[in-house]
1. Of everything in segment 20-30, what is touching a Ser or Thr at 6+ places or on another chain (Cβ under 8 Å) and either among the charged types (D, E, K, R) or within 11 Å of Leu86 (Cα to Cα) (or both)? Give them in sequence order.
2. Among the residues of segment 87-98, write down those that are surrounded by fewer than 24 Cβ atoms within 10 Å (Cβ to Cβ) and touching a residue at least 60 places away in the same chain (Cβ under 8 Å).
3. In the set Leu8, Leu45, which member is under 8 Å from the mean Cα position of the chain (by Cα) and at pLDDT 80 or above?
Amino acid sequence: MESLIPLLIGLGSGAVGGNVAGKVMNSGMGTLGRSLTGIVGGTGLAALAPMIPGVAGLFGDPTSGAVGLGGILASVASGGVGGGLLTFILGKVMGNKG
């Protein structure tokens, strides 16, 4: 159960990050689309960050099972940033509506 906490926090942060980025840029994706894009982006950043030189220590792996404050903050950061970034990119590709 403890290993699910950082994962759930990372997924939730990704959804929030995606919705915030989508609202800021007035994307026409809708809440569900922004949430799903945010979840995928947050999970993707957490998976890819260890492979990027200089970024490996900044974002945590939500599946690592680290439940301490550092693990929770890393899950929030990777989910929010990754979710917002992917939603921003897809919003620009799809074009702003609104």
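The values are calculated or read from the model by the stated rules, or taken from the named source; none is laboratory data. Being a predicted model, the structure only gives us computed values, none of them experimental. Methodologically, a virtual Cβ is constructed for each residue, glycine included, from the backbone with ideal geometry; neighbour enumeration extends over all protein chains shown.
1. Here is the first cut: in segment 20-30, the ones touching a Ser or Thr at 6+ places or on another chain (Cβ under 8 Å) are 21-22, 27, 29.
Listed by number, the residues that qualify are Ala21, Gly22.
2. Our first condition is that a residue be surrounded by fewer than 24 Cβ atoms within 10 Å (Cβ to Cβ); within segment 87-98, this holds for 88-98.
Those that are surrounded by fewer than 24 Cβ atoms within 10 Å (Cβ to Cβ) and touching a residue at least 60 places away in the same chain (Cβ under 8 Å): Phe88, Leu90, Gly91, Lys92, Met94, Gly95, Asn96, Lys97, Gly98.
3. Values: Leu8 fails: under 8 Å from the mean Cα position of the chain (by Cα).
The match here is Leu45.
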